[in-house]
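Note sheet for the following structure.
The values are calculated or read from the model by the stated rules, or taken from the named source; none is laboratory data. Note that the structure is predicted; figures quoted are calculated from it, not measured. Heads up, the Cβs are rebuilt from the backbone with ideal geometry, glycines too, and the neighbour counts pull from every protein chain shown. Note: areas computed on protein heavy atoms with side chains; ligands, DNA, RNA excluded. Shrake-Rupley method; radii C 1.70, N 1.55, O 1.52, S 1.80 Å.
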Amino acid sequence: MKSFIERFLKMEAAGGILLMLAAAVAMFMANNAWLSQAYFAFLDTPLQVRIAELDINKPLLLWINDGLMAIFFLVIGLEVKRELIEGALSSKERALLPVVAAVGGMVVPALVYLLFNMGDAELAKGWAIPAATDIAFALGVMALLGKRVPASLKVFLLALAIADDLGVIIVIALFYTSELAIVPAIWAACATLGLYLLNRRGHGGLTAYLILGTVLWVAVLKSGVHATLAGVIVGFMVPIKAKLGGSPLKKLEHALHPASSFIIVPIFAFANAGVPLAGISLESFQSPLALGVMLGLLVGKPLGIYTASRFAIRVGLAKLPEGSNNMQLFATSILCGIGFTMSIFISSLAFSGQTDLIALSRLAILAGSIGAALLGYGLLRWSTRGLASKQQRQYGGIADTAQHPSS
């Protein structure tokens, strides 16, 4: 049993499989007559931490979404910084195609969503829901095809998803922040300054970063800015090289990555994917909200990514990933329509407190993501048929860099 678990966790698709399994269990429990009450009661369990005047009192669901997901965003911050400094986004030549593709893959699905929901100010708040890509899910589906997929295409998908994550972080900070509380914001600024000074000194001890990071998380939580952004700030402040040697960033990323992929993201999926289907009919999927989300993921995402990529290639700004062709690029663009984790997260921010809109948007996310996964997998499988093993040997050294999905 132990060897089976070890082999499973080493699979590229493991994170995506656990994600799908957690979501399936949540949907089953939420719609089971005997288990649904226990499922929702569990998520509503109140948890309180109080130290003197500091009081954090939230249901378990919000501890997961505000607390555990801050660690998830910390890992994203670490990965984005590493890729910007020495990875797939570290040079203009390497970064241009995935960055241009990511921009197209955020703008077009947002426009598709607004095309259906522009007339309703409340629904229009969900414009960013189909703009996100779930890197763990997308890489997991691609990994199911094994060595027949050119490794350079995996690197392109990884870099695109990381650029997409950075874009989503900016969107959350700018558009999904409530009213700012001044005193906590000042504490957050002081904690950020402390992290910056540690970084400038090249301090290599992670304990100081994590202590200040915890202070920052509490301050950001109380300030009205979404608490997960604290994780991103800490990730960017941890130095990639310490003054006395070693890499604190890589050490922390290596320590947190398995927990993020195999524990935090599945827990988030279990807590958020359980949508009751009572009262949901085929007509529900014809609503502007559902159509905007589904078509944003299924049509807008691949259209934006592929069109932007082809434009960059056509004008000579970038090159097609080595060993791949246009059909494989298009299939990869469709896989990026798997929004899931990040899309569900944004839906909870866009429609905070509106359970009906959250439930419908999450069903649309599930439908659009599953459709993108099946269509992308089928087209990628067809477009890579008969791929020579010579290609994999040529790019095999790059493949390892694509084995670190973050969401």
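Looking only at the stretch 90-115, residues that are closer than 23 Å to ASN326 by Cβ and either of a type in the set (A, V, I, L, M, F, W, C) or buried (at least 22 other Cβ atoms within 10 Å of the Cβ) (or both) come to 16 in all. With the condition kept exactly as written, say whether any residue in the stretch 260-272 is surrounded by fewer than 19 Cβ atoms within 10 Å (Cβ to Cβ), touching a helix residue (DSSP H, G or I) at 6+ places or on another chain (Cβ under 7 Å), of a type in the set (A, V, I, L, M, F, W, C) and modelled with pLDDT of 85 or more. There is at least one residue in the stretch 260-272 that is surrounded by fewer than 19 Cβ atoms within 10 Å (Cβ to Cβ), touching a helix residue (DSSP H, G or I) at 6+ places or on another chain (Cβ under 7 Å), of a type in the set (A, V, I, L, M, F, W, C) and modelled with pLDDT of 85 or more.
Does LEU212 qualify as being touching a residue at least 12 places away in the same chain (Cβ under 8 Å), open to solvent by 30 Å² or more (accessible area, probe 1.4 Å) and not in a helix (DSSP H, G or I)? No; evaluated as a whole, the condition is false for this residue.
Scanning the stretch 239-257 for residues that are touching a residue at least 12 places away in the same chain (Cβ under 8 Å) and either at positive phi or surrounded by fewer than 17 Cβ atoms within 10 Å (Cβ to Cβ) (or both) turns up ILE240, LYS241, LYS243, LEU244, GLY245, GLY246, LYS250, LYS251.
Could you identify the single residue in SER287, SER281 that is closer than 30 Å to ALA373 by Cα, at pLDDT 90 or above, open to solvent by 20 Å² or more (accessible area, probe 1.4 Å) and of a type in the set (Gly, Ala, Ser)?
SER287
Could you name every one of the helices (runs of 4 or more DSSP H) located completely within the stretch 74-152 that has at least 2 residues being within 22 Å of ALA173 (Cα to Cα), touching a residue at least 12 places away in the same chain (Cβ under 8 Å) and of a type in the set (A, V, I, L, M, F, W, C)?
92-117
Scanning the stretch 171-182 for residues that are within 15 Å of THR228 (Cα to Cα) and surrounded by 13 or more Cβ atoms within 10 Å (Cβ to Cβ) returns VAL171, ILE172, ALA173, PHE175, TYR176, THR177.
For the stretch 298-320, the count of residues that are at pLDDT 85 or above, open to solvent by 50 Å² or more (accessible area, probe 1.4 Å) and on the phi > 0 side of the Ramachandran plot is nonzero. Restricting attention to the stretch 35-63 and to residues that are without any contact (Cβ under 8 Å) to a residue 12 or more places away in the chain and in a strand (DSSP E or B), the residue that is nearest to LEU349 (Cα to Cα) turns out to be ASN57.
Only one of the numbered conditions (1) over 19 Å from GLY77 (Cα atoms); (2) crowded, with 24+ Cβ neighbours inside 10 Å; (3) out of contact with any Lys or Arg (no Cβ under 9 Å at 6 or more places or on another chain) is violated by LEU158, and that is (1). For residues that are surrounded by fewer than 16 Cβ atoms within 10 Å (Cβ to Cβ) and of a type in the set (A, V, I, L, M), scanning just the stretch 20-42, find the one that is farthest from the chain's Cα centre (by Cα). Going through the qualifying residues, I end up with ALA33. Checking each residue in the stretch 71-87 for being of a type in the set (A, V, I, L, M, F, W, C) and either touching a strand residue (DSSP E or B) at 6+ places or on another chain (Cβ under 9 Å) or open to solvent by 10 Å² or more (accessible area, probe 1.4 Å) (or both) picks out ILE71, LEU74, LEU84, ILE85.
Looking across the stretch 219-238, the residues that are assigned to a loop (DSSP other than H, G, I, E, B) and either surrounded by fewer than 21 Cβ atoms within 10 Å (Cβ to Cβ) or in contact with a Ser or Thr (Cβ under 6 Å, 6 or more places away or on another chain) (or both) come down to GLY224, VAL225. Does LYS147 fit the bill of being under 29 Å from LEU298 (Cα atoms), of a type outside the set (A, V, I, L, M) and open to solvent by 30 Å² or more (accessible area, probe 1.4 Å)? Spelling it out, LYS147 is indeed under 29 Å from LEU298 (Cα atoms), of a type outside the set (A, V, I, L, M) and open to solvent by 30 Å² or more (accessible area, probe 1.4 Å).
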